[in-house]
Amino acid sequence: MADTQSKKISAIADASGETARSSRIVNTSAVVERLQVGVLVCNVTDANVVESLFVNQFARDVFGLKDSTQLPCPLDSIWNASDNHVLAGQILEVFRTGRDTTFEWSIRSGVIERFLSSHLMALTDHEGSVYQVICTIEDQTAEKLAERNLLHHAFHDALTGQPNRVLFRNKLEEAVSDCQREGHQNGCAVLIINIDRFQQINESFGHSAGDRFLISMASTLRRCIRSSDTLARLSGDEFAILVSRFKDVEEVEMISRRIHEAMQQPYDLDGNEVFTSVSVGVATTLSSSTHPEDLIRDADFAMHRAKGAGKARTEIYHRDSHQRARSQFHLETELRRAVERNELDLYYQPIIDLSTSELHGFEGLTRWTHKDRGFVSPVEFIPLAEETGVIVPLGRWAVKAACAQVRKWIDEVGAEKTVPINVNVSGIQFARDDIARMVEDGLREFDIDGRFIRIELTESAIMANPTRISESLQRIRKLGVKVALDDFGTGYSSLNYLHQFPIDVIKIDRSFINQLEPGNAPYKILRMIGMLAKNLGHEVVAEGLEDTDHIKMLRDLEFGYGQGFYFSKPVKGDEASEYVYGNLPWDK
C-alpha cells in the first residue's frame, strides 16, 4: 500500500516534472505546420531527381496537395513539371553551389495563377556537403494582382478600357523604333479622331449618356482597325489610332474611310437615334517627323484643319501647312507684344465734304510695321487678332490713340477746327468688351467731347449679336458719339438696320463705287440709298473714291461725303495734322 502510494506520489511528482520539462521543449513540427509560410524540405537523389521530403500545411494548400500524398516523393509528382521547373532548377543550383538564393515564380492551379516568392537555404553536413535544401514559399498573388490592377489603370482609360495617352505614346515609340531598324521600308501612322458636336450630345442627353456613347464609339473604332493596330482614348471626345506598320499610305486612308462609313450609321442612345461624324487628322513617318511627340502633334494639327474645313473629313499632315500655322502663331505672339509695347500706329484717311472739298473727318486705321517683316497688312493681322482675342486690347489702344490725337488738335488749333476720328470696332470686341465704357473712359481721360469720336462697325458685327450691340450703341450715342455702319450694302438686310439700330452714318462699300456707271443698277441703288438716308437724317460716305467720274456722279446723286485714294491714302498723325491746319493737297 505504501509502495502504491509512493508510486502514485512519485507518479504525480514525475508528471509534474515532465510538464515542467515539456514546457521548455519546442515541437518544431507543430510550429512549421501552423506557419503562414510554406515550407518544403528537399533532397536530390543519385539520379539527380529533386525529391520532396516534407511539405507543411500552407504549402499543401498552395499546391492543392491531398493529405494522403505519400512522402518522400519526386517534385514532379506533386504538380505539373512545366510549373515546377523554376523551383527544381533553383534547388539543383543550391545543391551544386551551396549558396542560398531568393527568387520569384508562379504556378497555375486550374484557372488560377499563383505568384510565389521563395528563399532556398542549404543544410550541410560536417564535411560541408549539402544534403538537404529548405524552401520557404510566400504567396504574393494578392499583391501581384493589385499591382497589375494599378498598372492597368495607369495605362488604360477607366471608361472605355482602351489604352490611354501614356501607353499609346509608349507603343508609338516602339513602332517608330521598329521602322527605323528596318530602314524605313515600312511606315507607321497616327490618326487623331475628334467627335464632331459631342458637346451637343452631353447637353441633350446628359453626361452619363455621353459616357455610354463614348464606350460605343470605342467599340466602333475598334472594328475599323486591324488587330495589329492600337486604339487609345486621349481625352474626353478624342481618340487616337496607331497604325504600327504599313507599306502604302493607301492602307491608312482605307482605315480612315472605314471610320467615316461607320459614322454614317446611327447610334441608339436611350431609344434615340443619334447621328454624328468625326474629324480625322493623319500624320505618318513618311510625311512628318519620326519623333513620337511630333507625330501626335502633327496629327492633332491635321485634325484641327479637318474641323476648320467643315468637319466630317480627314486631313493628312503636310509640312508646308504646319509651317504657315507656326508662322501665324509667332505672328500672334508678336502682335500681342506690339500692342503691349505700343508699337502700332494709327493712320488717318481723310473724309471729304464732296460739295466743298473741305476736310470733314478721318477714319483711323491701325497699321503695324514689324521690326523684321516690315509692313504687315491689316488683312493678315486683324483676322488673327479677332481669332485670338487680341482684338480687345488692340481696339482699346485704337480708341485711346484717337482720343489722344483729337486732344492734340484741340490744343493746337482749337475745337472749332478739329474734326472727328472714326474708330473701327470689331464684332468680337463688342461681344467681349464693354465698348460704351471704353469710349467713355477715353473721352474722360483726354477731356474731349463725344462729337470728336465716331464708332464704325460692320453689318456682320451687328448680325453676330444684334441685341447686345444695339444696347451698346444706345449707350454710346448718349455720350454724343455718332455711329457709322461700314461696308453698307455688302450683305444681309442692310436697309432694315437703318431704322432698327441707332445709326448716324452710312458708309457705302467700295464694291458699289467700282461698278458705278450712269444709269446702271448700282447707280440706281445708290440714288435710292441717298434719298432714304436723307429722309432719315443720316450722313452718307462713299468709300474707295479713285477717279473724277465717280466723284462727279456721287455729287450728282447729292452724296455728302467721300474718302479714297483720289484725295489721300491713309497718313501718319503728323501729316494728318497738316490737313487739320488747312493744308489740303486735293484742294490745290
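Ligands, DNA and RNA left out, the 1.4 Å accessible surface of the chain is 49% carbon and sulfur atoms. Note on the range 267-314: Rg/Rh from Cα positions, Kirkwood definition for Rh, rounded to two decimals, is 1.21. Once ligands and nucleic acids are excluded and a 1.4 Å probe is used, how much of F58 is accessible, expressed in Å² to the nearest 10? Its heavy atoms expose roughly 40 Å² to the probe. Mind running the shape call on the range 62-147? Use the C-alpha gyration tensor, a ≥ b ≥ c as the square roots of the eigenvalues: rounded below 1.5 for a/c, prolate if a/b tops b/c, oblate otherwise. Taking the square roots of the gyration eigenvalues as a ≥ b ≥ c, the range 62-147 is oblate. Each Cα pair under 8 Å and six or more residues apart adds its separation to the average, and for the chain the resulting relative contact order is 8 percent. The mean sequence separation of alpha-carbon pairs under 8 Å and at least six residues apart, normalised by the residue count of the range 423-490, gives a relative contact order of 43 percent.
Here's the list of aspartates and glutamates a cross-link from K311 could span, going by alpha-carbon distance under 19 Å and ignoring same-chain residues fewer than 8 apart: D196, D237, E238, E253, E261, D298, D300, E387. Rolling a 1.4 Å probe over the protein heavy atoms gives the chain an accessible area of 52 Å² per residue. Quick note on the range 289-387: its Rg to Rh ratio, both from C-alpha atoms and Rh being the Kirkwood radius, is 1.19.
Protection proxy ranking of 95-102, 254-261, 511-518, by the mean of other Cβ atoms within 10 Å over each peptide's residues and highest first, is 254-261, 511-518, 95-102.
Beta bridges assigned by DSSP with both partners in the chain are antiparallel in approximately 75 percent of cases. Helices of the chain meeting both criteria, an alpha-carbon length of 30 angstrom or more along the long axis and an average Kyte-Doolittle score not below -0.5, with helices taken as full DSSP H segments, are 391-413. Overall, the anisotropy analysis places the range 189-342 in the oblate class: the square-rooted eigenvalues a ≥ b ≥ c of its C-alpha gyration tensor yield a/c not less than 1.5, with a/b not exceeding b/c.
Across the range 84-219, the relative contact order, built from alpha-carbon pairs under 8 Å that are at least six residues apart, equals 13 percent. Over all Cα atoms in the range 182-255, the spread is summed up by Rg and Dmax: 14.8, 50 Å. Which aspartates and glutamates does K507 reach when only Cα atoms under 12 Å apart count, and residues fewer than 8 places away in its own chain are ignored? Within the straight-line cut-off, K507 pairs with E363, E456, E459, D486, D487, E539, E543. Here the range 102-241 was treated as a single set of alpha-carbon atoms; its pair distances binned every 10 Å from 0 give 10, 24, 21, 19, 13, 7, 4, 1, 0 percent.
Among the listed options (1) 50; (2) 24; (3) 58, the one matching percent of Cα pairs over 41 Å apart as calculated from these coordinates is (3).
Comparing Cα centroids, the range 523-588 and the range 201-223 end up 59 angstrom apart. Between rounded, prolate and oblate, where does the range 239-292 land on the alpha carbon gyration tensor, with a ≥ b ≥ c its root eigenvalues, rounded for a/c under 1.5, else prolate if a/b exceeds b/c? Prolate, because a/c is 1.5 or more and a/b exceeds b/c.
The values are calculated or read from the model by the stated rules, or taken from the named source; none is laboratory data. Predicted model, so just to flag it, every value in this text is computed and none were measured. Positions of Cβ are generated from backbone atoms using ideal geometry, with glycine treated the same way; all protein chains shown enter the neighbour counts. Remember, those area values only see protein heavy atoms, side chains included, never the ligands or the DNA or RNA. Shrake-Rupley method; radii C 1.70, N 1.55, O 1.52, S 1.80 Å.
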